[in-house]
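The values are calculated or read from the model by the stated rules, or taken from the named source; none is laboratory data. Since the model is a prediction, treat every value here as computed from it, not as a measurement. For neighbour counting, all protein chains shown are included, and Cβ atoms are generated from backbone atoms with ideal geometry for every residue, glycine included. Remember, those area values only see protein heavy atoms, side chains included, never the ligands or the DNA or RNA. Shrake-Rupley method; radii C 1.70, N 1.55, O 1.52, S 1.80 Å.
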Amino acid sequence: MSTVVATQSAASQSKAKYSFNKLQKRLRRNVGKAIDQFNMIEDGDKVMVCLSGGKDSYTLLDILLYMQRIAPIRFSIVAVNLDQKQPGFPAHILPDYLSTLGVDYKIVEEDTYSIVKEKIPEGKTTCSLCSRLRRGILYRTATELGATKIALGHHRDDMLETLFLNMFHGGKLKAMPPKLVTDDGKHIVIRPLALCSEKDITRYSRAAEFPIIPCNLCGSQENLQRQNIKQMLQDWDKRFPGRIESMFRAMQNVTPSHLVDGNLFDFKGITTSDEPVADGDIGFDAPTMPTFNASDDDNIVQIVNLTD
């Protein structure tokens, strides 16, 4: 009996290891694809990885350290955490973790918690002010460290949520770009997890047993509009497999002539032509509906092998 149990246990462990390796390889490939597609990291870059203590930023740092080892270019990494002086914040966790990795890091201490609590009435969302304060401090730190790129842990689902937030509440068709220049023109911000799903990151974070630090500044704030959007997308993902992937592909496949923005397309200047017009009246065609195999994880995002 003990032999049977041991055999089953070994088989279970082998299956779990195979599943983890497959997940890890998919995440690494998607990060590699994003870096290559958007030219996120170049030879000689100093990448400042913003580490919050959450699943996304831990995964980002983990994969970038791997990329650093195998990439054909040379780049350095410095991890930066902003200690916002939240009551009960376990200040020792990140330094201990980063020390075991042997990675260069800096802990920046700024009491943004008190500022947010002073400025924002009780019960109101704190995200907007907190984000602005945090962003300014991180940009200043990047300048002090001489970082050429600032890496954030936003993923594919964050980008989609931002798209719907702007549509529903801002009246804009605007999402979260994989790469941008800051308003002052001094920094380049990159999001290497742009092609990674939150489901994959969550599974990877749990399997890797990262020492997660929850954000207690905003509390649960379940009525935040972003949380509502997240729940909507998660519901769609359960009921309509493939919809999330299709929406994200749409963000990469835009036809300005079939929207309604005169700044993107010169509707006033349209004239007839003796030659075929690209994208002319394809808006009247029935959309192509690709099949989706929900059991095949590797079909979720097209993968290009950049790391093997």
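Across region 39-61, which residue is nearest to Asp157 (Cα to Cα) among those that are within 14 Å of the chain's Cα centre (by Cα) and open to solvent by 40 Å² or more (accessible area, probe 1.4 Å)?
Of the residues in region 39-61, the ones within 14 Å of the chain's Cα centre (by Cα) are 40, 49-52, 54-61.
Those left that are additionally open to solvent by 40 Å² or more (accessible area, probe 1.4 Å): 52, 55.
Values: Ser52: 18, Lys55: 14 Å.
Only one residue tops the list, namely Lys55.
Looking across region 147-190, the residues that are part of a loop (DSSP other than H, G, I, E, B), closer than 19 Å to Gly136 by Cβ and of a type in the set (D, E, K, R) come down to Asp183, Asp184, Lys186.
Residues that are over 27 Å from the mean Cα position of the chain (by Cα), modelled with pLDDT under 65 and among the aromatic types (Phe, Trp, Tyr) within region 255-299 comprise just one, Phe284. Take the conditions (1) farther than 30 Å from Lys268 by Cβ; (2) without any contact (Cβ under 8 Å) to a residue 24 or more places away in the chain; (3) within 17 Å of the chain's Cα centre (by Cα); (4) surrounded by 14 or more Cβ atoms within 10 Å (Cβ to Cβ); Asn228 misses just one of them, which is (3).
What residue, among those in region 175-198 that are touching a residue at least 12 places away in the same chain (Cβ under 8 Å) and over 16 Å from the mean Cα position of the chain (by Cα), is surrounded by the most Cβ atoms within 10 Å (Cβ to Cβ)?
Residues of region 175-198 touching a residue at least 12 places away in the same chain (Cβ under 8 Å): 175-179, 182, 184, 186-198.
Pick out the ones that are also over 16 Å from the mean Cα position of the chain (by Cα) and you get 182, 184, 186-187.
Working: Thr182: 13, Asp184: 8, Lys186: 10, His187: 18.
The selected residue is His187.
Yes/no per residue for (1) within 22 Å of Val103 (Cβ to Cβ); (2) part of a helix (DSSP H, G or I); (3) among the hydrophobic types (A, V, I, L, M, F, W, C); (4) out of contact with any Ser or Thr (no Cβ under 9 Å at 6 or more places or on another chain):
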residue: Ser14; (1), (2), (3), (4): no, yes, no, yes
residue: Tyr18; (1), (2), (3), (4): no, yes, no, yes
residue: Ala34; (1), (2), (3), (4): yes, yes, yes, yes
residue: Gly44; (1), (2), (3), (4): yes, no, no, no
residue: Ser52; (1), (2), (3), (4): yes, no, no, yes
residue: Asp56; (1), (2), (3), (4): yes, yes, no, no
residue: Thr59; (1), (2), (3), (4): yes, yes, no, no
residue: Met67; (1), (2), (3), (4): yes, yes, yes, no
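For region 114-134, taking the residues that are in a helix (DSSP H, G or I) and either open to solvent by less than 50 Å² (accessible area, probe 1.4 Å) or at pLDDT 90 or above (or both), the one that is farthest from Met48 (Cα to Cα) is identified as Val116.
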